[in-house]
Amino acid sequence: MTEKLRSVLTARGVEYVFCSFVELTGAPKAKLVPVSHIEEFAQDGAGFAGFACGDVGQGPHDPDICSVPDFRSLTILPWRKNVAWVTGNLYVEGKPWPLCPRTVLMHQLELAKKQGYVVNIGIEPEFILLKKDAQGEYVPWDEFDTLVKPCYDLRALYRNLDLMTALLGFMQELGWDPYANDHEDANCQFEINWTYSDALTTADRHTFFKMLTSQVAKRFGAVATHMPKPFSKLTGSGCHFHLSLWDGEGRRNLFLDEGDARGLGLSTLGYQFLAGAMEHARALSALVAPTVNDYKRLSVGEFLTGVASGLTWTPAFISYGDNNRTQMFRVPEPGRFECRLVSGAVNPYLGLAGFIAAGLDGIRRKLDPGPPNIGRNMYALSPEDVRSGGPALVPQSLPEALDAFEGNSVITGALGPELTAEFLRVKRGEWTRYHSTVSQWEIDHYLALF
């Protein structure tokens, strides 16, 4: 098999392969392997000093961690065709490493498969284009992109047409079938949508997409960031998940029911999965909004945001409804639902693993999400509405989300004890470092006051 792969790659002009994986935060790591050594790479994987890789749960004394490639993910870089990329799963001394995010997702997909389900996922990744000004500060890339409400602005999209069509062209070349690109709500913020796939393929493609946006933006002199909230006054970047379960052959959408009495086009199975996601939403927040910065994107109430356009477009409450973007869970059309909580910082392998575990728990327990919110502006809810039995709040800080995560046996069970412990250690350490850093806001407000 490897000899055939080597000959195929050589015939296509590929000389080098990035052997890649992601660590806990979703950051990609890699070694560059010449195709002449593809055989040993395919069999044993590429070895890494785990402690140097980031958050993979190893110390400097531990043996090598190896990324064994999954060649289903092999992608030739369309902007540099003599190089390919392949992601893999982590092993230590020949055994699967329990802190491998991709392995965790594959385990949840296997559990779903045993129940007769294929998990299909579509995503909507947003990113912002930046440059440095004369003072060395990052600012929006397009100096003419200054509208208070720039969403869908044709002029701004046209000014960036060469960059966007380069991205779209490469995605078409890769066979991803991109179908829409637009300017989003923040200045110099864009989104590209491509056709859904099975969950593992989508997670792999999202990982590659971040590299794609980074490299293409660089060619035009810009910096592309998926950071959730780079500017206080601008809307943050999400990565909304669209979920559906299909039959084992992937031919029939099991979430689809055109005769749904609630009018949303979801089946009983779809509502049960959705109810599971809602039941575990506060714990899931730690996985899909995993940084300190995320909770500056997530806020309660449209009048508390301070965002220039007047709206964050992020959910404040755990609710669901029809095609209504103020809900955490939106049903844009029959047969699927969207989670709008997910941020640009998500590690897609962990986020999707958590969602699948939550949804399967909802199916197992035959949960029901209750009646949908139809036509209601969830941003307009008052504190009194919430106190009087309204929907639960989305966590408002990383520590709050981590506490919900730690206390949820379904979500932590999906990750396993080793990865759960490492995730909590890393993320609580992130909060401690952030909380211990004196900000410019504190200097401005307190220095002359006391």
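What follows draws every value from the coordinates through simple rules; no lab data is involved. Values in this document were obtained by computation on a predicted structure and should not be read as measured data. In this analysis, Cβ positions are derived from the backbone assuming ideal geometry, glycine residues included, and neighbour counts consider all displayed protein chains.
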The set of residues whose placed amide H lies less than 5 Å from the amide H of LEU256, leaving out same-chain residues fewer than 5 positions away, is SER267
Residue-ordered couplings for region 368-376, obtained by feeding phi - 60° into the Karplus form 6.51 cos²θ - 1.76 cosθ + 1.60 and rounding to whole Hz (Gly and Pro as x), are 10, x, x, x, x, 8, 10, x, 9
What ranking, highest mean first, results for peptides 50-59, 84-93 when packing means the other Cβ atoms within 10 Å averaged over each residue? 84-93, 50-59
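Using per-residue counts of other Cβ atoms within 10 Å, averaged over each peptide, order 140-151, 327-338 from highest down.
Per-residue mean Cβ counts within 10 Å order the peptides as 327-338, 140-151.
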For region 9-97, report the translational diffusion coefficient in µm²/s to the nearest whole number, using Stokes-Einstein at 37 °C, 0.692 mPa s, and a Kirkwood Rh over Cα pairs. 247 µm²/s
Cβ density ranking, 10 Å radius, fewest first, applied to CYS188, CYS66 yields CYS66, CYS188
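How do GLU279, GLU258 rank when sorted from fewest to most other Cβ atoms within 10 Å of their own Cβ?
Placing the least packed residue first, the sequence is GLU258, GLU279.
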q = 0.11, 0.13 Å⁻¹: log10 I(q)/I(0) that the Debye formula gives for the chain, counting C-alpha atoms only: -0.92, -1.30
Using only alpha carbon pairs under 8 Å that are at least six residues apart, calculate the relative contact order of the chain and give it in whole percent. 14 percent
DSSP-defined beta bridges in region 9-97 - what % are antiparallel, rounded to 5: 80 percent
Extension gain (nm, one decimal) between LYS114 and ARG428, 0.36 nm per residue minus Cα-Cα: 109.5 nm
Taking neighbour counts of Cβ atoms within 10 Å as a proxy for exposure, in what order, fewest first, do LYS114, LYS29 appear? LYS114, LYS29
Figure the gain on full extension for ARG325 and ARG80 (residue separation times 0.36 nm, minus the Cα-Cα span) and round it to one decimal in nm. 84.3 nm
Wrap a convex hull around the Cα atoms of region 344-417, take a quarter of its surface area, and give that in square nanometres. 6.9 nm²
If you line up the Cα atoms of region 84-124 on their principal axes, what length do they span on each, largest first, in Å? 33, 28, 16
In sequence order, what are the phi-derived ³J(HN,Hα) couplings for region 65-78 according to the Karplus relation 6.51 cos²θ - 1.76 cosθ + 1.60 with θ = phi - 60°, rounded to whole Hz, with x for glycine and proline? 9, 10, 9, 8, x, 9, 6, 5, 8, 4, 9, 7, 5, x
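Based on the Cβ-Cβ distance of GLU400 and ASP198, what FRET efficiency does E = 1/(1 + (r/R0)^6) give at R0 = 25 Å, to the nearest 0.05?
0.15
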Of every Cα-Cα pair in region 77-151, the percent that sits beyond 16 Å: 76 percent
HN-Hα J in Hz across region 242-259 - Karplus 6.51, -1.76, 1.60, θ = phi - 60°, x for Gly and Pro: 10, 10, 7, 9, 10, 5, x, 8, x, 9, 10, 7, 7, 8, 8, 8, 5, x
Zone reached by a paramagnetic label modelled 7 Å from SER7 Cα along Cα→Cβ, restricted to region 16-50 with backbone N below 15 Å, covers 39
Evaluate the relative contact order of region 9-97 (contact order divided by residue number), counting alpha-carbon pairs under 8 angstrom at least 6 apart; express in whole percent. 30 percent
What size of dipole, in debye to the nearest 20, comes out for the chain about its Cα centre when the only charges are +1 on Lys and Arg C-beta atoms and -1 on Asp and Glu C-beta atoms? 220 debye
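Could you give the alpha-carbon Rg of region 34-190 over 2.2 N^0.38 Å, rounded to two decimals?
Normalised Rg, Cα atoms only: 1.39.
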Aspartates and glutamates within cross-link reach of LYS427: Cα-Cα under 13 Å, excluding same-chain residues under 8 positions apart? ASP55, ASP294, GLU400, ASP403, GLU406
